[in-house]
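See structure below.
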Amino acid sequence: MYSGAAAAAGPPRRDFISVTLGPEEVVGVGGYNNSKAWRRRSCWRKWKQLSRLQRSVILFLFAFLAVCGVISYTSMGEAWKSITNKSLNEQRTEQEIPGLKLANPAVLPAPQKADANHGDYPELSLQKPPKPPHVRRGPSNLQIKAPRRDMRLKTRHDAVRAVEELIEADKVEKTEKSIISWRGAVIEPDQSTEPPSSKMKEPEKPSSVEGEDQKEPVPINERQLAVIEAFRHAWKGYKDFAWGHDELKPLSKSYSEWFGLGLTLIDALDTMWIFGLKEEFEEARKWVANDLVFDKNVDVNLFESTIRILGGLLSTYHLSGDSLFLEKAKDIGNRLMPAFKTPSKIPYSDVNIGRGTAHPPRWTSDSTVAEVTSIQLEFRELSRLTGDEKFQKAVDEVMKHVHTLSGKNDGLVPMFINTNSGQFTHLGVYTLGARADSYYEYLLKQWIQGGKKENELLEDYMRAIEGVKKHLLQRSEPKKLTFVGELAHGHFSAKMDHLVCFLPGTLALGAHNGLAADHMKLAEALTETCYQMYAQVETGLSPEIVHFNLHAQKGHKDVEIKPADRHNLLRPETVESLFYMYRFTGDKKYQDWGWEILQNFNRYTRVPTGGYTSINNVQNPSNPEPRDKMESFFLGETLKYMFLLFSDDIDLINLDKYVFNTEAHPLPIWMPA
């Protein structure tokens, strides 16, 4: 019923006929014949069928591609021209400088052969340092430009011969003498330029930061000669057993790799220049020129590679004026930039410098506060030299962000910061030791580097020092040594890392630059404490960590050492602070303390066949348990600061013209143009 009614009510049916015409019916009326004329008419017909908007879009795309092609052609032409010019310049450099024209000739000859009678470690027989001849120190001036050499070259060559004769004579006499062995961590803005700007000017060239007046060089002394001898002994081990590798293993006569980038060699470049070791420097420079390659599939730590490699290359460039080191610095600087590609702009800890990728550690998305805030001196200087603002902009953003964060305690910062959120993590724990130490150091040093005008940096530094005084300072018993402890969720711990011994030097540097006078008083007290961390130990060497006694106990010293903390890694921090204190006060006791430390390093860590080793037990003089590893900072920092400590020449790295990075690589303070 329903279907029939629906059919009756529906519309009438219509029938259709379909007709298909083959090619033969339409050829005569202009059908498809595969001719070029037909194809042109067909394309034109299709073009006319397009809307006006569609045709406009297509025409715009063609025009855009044409413009891009012209620009690409121009850029490729400029790049090719630049490469050609660079190649010609390098050829001219090689013709003019077969190895390198050094601004500062060597003081001492090549390393002496290892003494065949030394025997096995730890029975180390060590030669006595020769008495100083009346010679001139080399280099006489540490300049960014090569100084005038003609008036002093002959004198220094005579000095080399005199020192060689003394060393050879001393070798003959050493068996008849008692053994001496040595050890082996008012503001003036008108002096400055404008504060760093995101708008970079033309690239800076190395220009002398020394005064125009050329002062007579200060004679090298006996203690400095002892440091040079220690360096050469360490360098001999590295050259013989670990050349081009990261770190020497002196006991097994082998090496260990961290990044595979020759860390020890790069860390020691400016040390050799300051010591005047021309032959060793030239040899190391050739390795940098021919063998140092950053295009490799390897993960590096952003912080460590910045302070050691980038800092070392920039410093050596400034001291030598050799553009090779600046080119290498630009290369590694660019390869580290992917670390800053994070949601918060707080950089990742690790970068693959070959693949251009970065990532946090496998176990966390946090970076340590010290690491992300202690790369600024180097990247800022790289921007100043290259004219490329990206380096400075990246690290300045980090500091500005940290400046605004909550979670601080009277200027003291936690140890960790999240790379995703940009917020501090693990709140409530405050230390000036590992993971936080150099944050405080770089607040002051960036302020000095940039001309004392970046007030946020100074404010954060001053607030932090007040926080240290309020929360972390205590006195030990029985000698009432002032020390810096740690605070964990309101509970004070009398634990102090050797790393904290950077602080007295930093305080003294601040006082020298016009900050509060009580900073120098605190620096003096803390330097005494850091020295006692050596003097109260059986070997005369400090452990990695000490705990101070807060209550007097019969038979107990101020310093207590736990079994897990009694190792020594040849760290520089105490010697660093001794250098600053002597430079600013002239008190000879700081030199004497440094000399004791040098003697004990050589007595307990020197390996006869070359090199120095970390030790596991500073409390056991008969067997300090060598670890078979020489850290790169022993040559880059410890011996450098020791040499500067023993010098009476304030122009040997003038602290009004240079600022040291946290790896002891001096970078110039930005002076007025």
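Numerical summary
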{"quantity": "Karplus (6.51, -1.76, 1.60) ³J(HN,Hα), θ = phi - 60°, over the stretch 584-597, in Hz, Gly and Pro reported as x", "calculated": "8, 10, x, 6, 5, 4, 5, 5, 5, 5, x, 5, 4, 4"}
{"quantity": "Of THR316, ILE375, ASN297, farthest towards positive along the dipole that unit charges on Lys, Arg, Asp, Glu beta carbons give the stretch 296-394", "calculated": "ASN297"}
{"quantity": "Heavy-atom accessible area order for TYR534, TYR348, largest first, 1.4 Å probe", "calculated": "TYR348, TYR534"}
{"quantity": "Calculated FRET efficiency for the pair ALA434/CYS68, C-beta based, R₀ 45 Å, to 0.05", "calculated": "0.30"}
{"quantity": "The stretch 555-660, dipole about Cα centre (Lys/Arg Cβ +1, Asp/Glu Cβ -1), debye to the nearest 20", "calculated": "320"}
{"quantity": "Rounded percent of accessible protein surface that carbon and sulfur make up, the stretch 551-673, 1.4 Å probe", "calculated": "46"}
{"quantity": "Separation of alpha-carbon centers, the stretch 473-516 and the stretch 330-380, rounded to whole Å", "calculated": "29"}
{"quantity": "Volume per residue of the C-alpha convex hull in the stretch 251-404, rounded to whole Å³", "calculated": "135"}
{"quantity": "Average projection area in nm² (convex hull over Cα atoms of the stretch 554-602, one quarter of hull surface)", "calculated": "4.9"}
{"quantity": "Where SER622, SER51, SER320 fall by accessible area, highest first, once all protein chains stay in place (1.4 Å)", "calculated": "SER622, SER51, SER320"}
{"quantity": "Other-chain or far-sequence residues with amide H under 5 Å of PHE660's (modelled H)", "calculated": "LEU667"}
{"quantity": "Whole-percent carbon and sulfur share, accessible surface of the stretch 331-474, 1.4 Å", "calculated": "48"}
{"quantity": "Built amide H within the under 5 Å cut-off of GLN474, gap 5+", "calculated": "PHE483, GLY485"}
{"quantity": "Exposure rank, largest accessible area first [HIS489, HIS665, HIS359; 1.4 Å]", "calculated": "HIS489, HIS359, HIS665"}
{"quantity": "Sites ASP240 and LYS554, calculated FRET efficiency, Cβ-Cβ separation with R0 51 Å, nearest 0.05", "calculated": "0.50"}
{"quantity": "Pair LYS588, ALA535: separation of 7 Å Cα→Cβ label points (nm)", "calculated": "1.7"}
{"quantity": "Surface accessible to a 1.4 Å probe, per residue, for the residues of the stretch 247-318, Å²", "calculated": "27"}
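The values are calculated or read from the model by the stated rules, or taken from the named source; none is laboratory data. What you see is a predicted model, and the numbers here were worked out from it, not measured in a lab. Heads up, the Cβs are rebuilt from the backbone with ideal geometry, glycines too, and the neighbour counts pull from every protein chain shown. Note: areas computed on protein heavy atoms with side chains; ligands, DNA, RNA excluded. Shrake-Rupley method; radii C 1.70, N 1.55, O 1.52, S 1.80 Å.
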